[in-house]
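Read through the structure below, which is laid out as structure tokens, and then see the notes.
Just so it is clear, none of the values below were taken in a lab; they were calculated from the coordinates. Please read these numbers as outputs of a predicted model, since none were measured by experiment. So basically every Cβ, Gly included, is an ideal-geometry build from the backbone, and we count neighbours across all protein chains shown.
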């Protein structure tokens, strides 16, 4: 069995944290709408990374990673909304936001590398 890549591990761990935040928002704040938006995009990052790892071609791989990147940007938006509306405190926000930023940087770097390799062919 092939071991998971760094992006697979990090996006999976981030998804677990997003699910826990979703549970917290539902239980402690009875917040369902914003929490559901965050849950969808926050867990979609890892799901698309997983799909990319089974891509049929480099272009398919790149397409799935591009979707993961967009979902990470959306997640970053919802985290900011939750912080600025008082649903999560600054410490929760900073920790999740920094992890999201790290995912964005990794995804961006992978996309650039793949694009360069595709341009050479």
Pair residue 59, residue 5: separation of 7 Å Cα→Cβ label points (nm): 1.9 nm
Between helix 33-53 and the chain: long-axis angle, C-alpha atoms, 0 to 90°, nearest 10: 20 degrees
Chain lengthening between residue 116 and residue 19 when straightened (0.36 nm per residue, less Cα-Cα): 31.4 nm
Acute angle (nearest 10 degrees) that the helix 90-120 long axis makes with the longest principal axis of the chain, alpha-carbon atoms: 10 degrees
Degrees separating the helix 6-29 axis from the principal Cα axis of the chain, which is the longest one: 20 degrees
Choice from 59, 40, 73 showing the highest fluctuation, given a GNM over the chain with Cα pairs closer than 10 Å: 59
Principal axes of segment 16-64: Cα extent on each, largest first, Å: 44, 17, 9
Descending Cα extents along the principal axes, the chain, whole Å: 52, 28, 21
Highest-MSF residue in the chain out of 107, 65, 34 [GNM, Cα springs under 10 Å]: 34
